[in-house]
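The values are calculated or read from the model by the stated rules, or taken from the named source; none is laboratory data. Everything quoted here is computed from the prediction, not taken from an experiment. Virtual Cβ from ideal backbone geometry, glycine too; neighbours counted across all protein chains shown. Surface accessibility is based on the protein's heavy atoms, side chains included, excluding ligands, DNA and RNA. Shrake-Rupley method; radii C 1.70, N 1.55, O 1.52, S 1.80 Å.
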Amino acid sequence: MENFLYYTPTKVVFGRGTEKQVGDLVKEQHCTKVLVHYGGGSVKKSGLLDRIYVSLEEAGISYVSLGGVVPNPRLSLVYEGIGLCRKEKVDFILAVGGGSVIDSAKAIGYGMTNEGDVWDFYEKKRAPKNCLPIGVVLTIAAAGSEMSNSSVITNEEGWKKRGCNSEYCRAKFAVMDPELTMTLPAYQTASGCVDIMMHTMERYFNRVDNMELTDGFSEHLIRTVMKNAKILKEEPDNYEARAEVMWAGSLAHNGLMGCGTDGGDWASHQLEHELGGMFDVAHGAGLAAVWGSWARYVLDARPERFAQFAEKVMGIEKGTDLLETGRKGIEAMEDFYRSIDMPVSIHELGIEPTEEQIEKLADKCSFDRQRTIGCVKKLDREDMYKIYQAAR
């Protein structure tokens, strides 16, 4: 077991109709003007945005709005948001949406409180020293950004998708009403479930002696999401299943599943980031498409861990051959992805990458051979290339 710091300052307000409390929650932050940041038309069509405006007005909170966030949120909109916030003297950001909206809000928050180009933080040229306070009204259970310290932004110049982690960006509060997720398309719901599972699995696959308690949390969370993902495929309006998945999304990425570990592997995320940057795919679907190829590639470096995953998560009978047990667990997870209509290859994402594009993906993921990724097995540029080829 490793030493760890567990920090979760976000106030969670969970359940039906909780978005009505937004005005009072923002008022508690003693701010003077709010940026309401959101994505497309769904929050407008559903009436959610209007309900939030009413709540803010009833609390006497002034606000301005900025929509237009897309999946794999763009740096250009972040710059626009920073400019708007400076002009309007905004001192609080309310993100209404899923992970992309929250990540965009965090980037705007960095840009408002730090000098220079906010993209520097995502390029790891320097670290942020502050962030404008942020609140969240969650509409998509997936990324876990509502309680995490992370933000991922795509720079249209070169289509680079990069992340920045900092405790400064953690949300002050997160309003979570499972009913708000009921209008999501089935594909987006399934993709979100994969994302939640992968946030846990990235931490689960590591190189240390693990805490039995943390392992138990992780294994049960993954099984719970799998169970409820299947329910939601048949019953998209099932409130209990929506609630289980929404809460799992927060717990998967607020640090709890990494307590006592070395932080986990995260290679699958890095591999997917480049797919998302180049082809603009849904994050969870991209993770499903590359995970099996990554897992088979690194299996021999930690067979006992994969065997434990196979037994405790996938229900595979543990045999004497750990590699074989691990392989069966990988196959079982891919079968689950298929059962909820998620891809298990890049081809199944509807993409036929050329050899040149595979080479480019490996170049970008390795930062032009300047970094390795993963901890189960350290992967260099050639390893990344081989995994992309296998996932093709």
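For the list (1) closer than 26 Å to Thr183 by Cα; (2) assigned to a loop (DSSP other than H, G, I, E, B); (3) open to solvent by less than 10 Å² (accessible area, probe 1.4 Å), I need the number of the one condition that Val90 fails.
Only one criterion in (1) closer than 26 Å to Thr183 by Cα; (2) assigned to a loop (DSSP other than H, G, I, E, B); (3) open to solvent by less than 10 Å² (accessible area, probe 1.4 Å) is unmet by Val90, namely (1).
In segment 179-191, which residues are over 15 Å from the mean Cα position of the chain (by Cα) and either under 11 Å from Val245 (Cβ atoms) or open to solvent by less than 10 Å² (accessible area, probe 1.4 Å) (or both)?
Passing the criteria: Thr181, Leu184.
So that you can scan it fast, the table gives a plain yes or no per residue for (1) assigned to a helix (DSSP H, G or I); (2) among the β-branched types (Val, Ile, Thr); (3) over 15 Å from Gln270 (Cβ atoms):
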position: Val298; (1), (2), (3): yes, yes, no
position: Gln308; (1), (2), (3): yes, no, yes
position: Met314; (1), (2), (3): no, no, yes
position: Leu323; (1), (2), (3): yes, no, yes
position: Lys328; (1), (2), (3): yes, no, yes
position: Pro343; (1), (2), (3): no, no, yes
position: Asp368; (1), (2), (3): no, no, no
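Taking the condition free of Cβ contacts under 8 Å to residues at least 40 places away in the same chain, on the phi < 0 side of the Ramachandran plot and open to solvent by 40 Å² or more (accessible area, probe 1.4 Å), does Leu322 pass?
For Leu322, the condition - free of Cβ contacts under 8 Å to residues at least 40 places away in the same chain, on the phi < 0 side of the Ramachandran plot and open to solvent by 40 Å² or more (accessible area, probe 1.4 Å) - is met.
Out of Gly277, Gly263, Gly292, Gly286, which single residue is within 19 Å of the chain's Cα centre (by Cα) and either part of a loop (DSSP other than H, G, I, E, B) or of a type in the set (Asp, Glu) (or both)?
When all the criteria are applied, what remains is Gly263.
Can you give me the number of residues within segment 298-326 that are closer than 23 Å to Ile373 by Cα and in contact with a helix residue (DSSP H, G or I) (Cβ under 7 Å, 6 or more places away or on another chain)?
The total comes to 9.
Does Phe367 qualify as being over 12 Å from Val290 (Cα atoms) and without any contact (Cβ under 8 Å) to a residue 12 or more places away in the chain?
It is true that Phe367 is over 12 Å from Val290 (Cα atoms) and without any contact (Cβ under 8 Å) to a residue 12 or more places away in the chain.
Check whether at least one residue in segment 320-336 is within 29 Å of Glu219 (Cβ to Cβ) and among the basic types (Lys, Arg), and report yes or no.
yes
Just to check your reading of the model, which residue among Glu234, Glu272 is surrounded by fewer than 24 Cβ atoms within 10 Å (Cβ to Cβ) and without any contact (Cβ under 8 Å) to a residue 60 or more places away in the chain?
Going through Glu234, Glu272 in turn, the sole match is Glu234.
Scan segment 143-178 for residues that are on the phi > 0 side of the Ramachandran plot and either aliphatic (A, V, I, L, M) or open to solvent by less than 20 Å² (accessible area, probe 1.4 Å) (or both) and report the count.
Looking only at that region, the number is 1.
Of the numbered conditions (1) closer than 25 Å to Pro178 by Cα; (2) part of a helix (DSSP H, G or I); (3) among the small types (Gly, Ala, Ser), Gly109 satisfies every one except a single condition; which is it?
The one condition Gly109 does not meet is (1).
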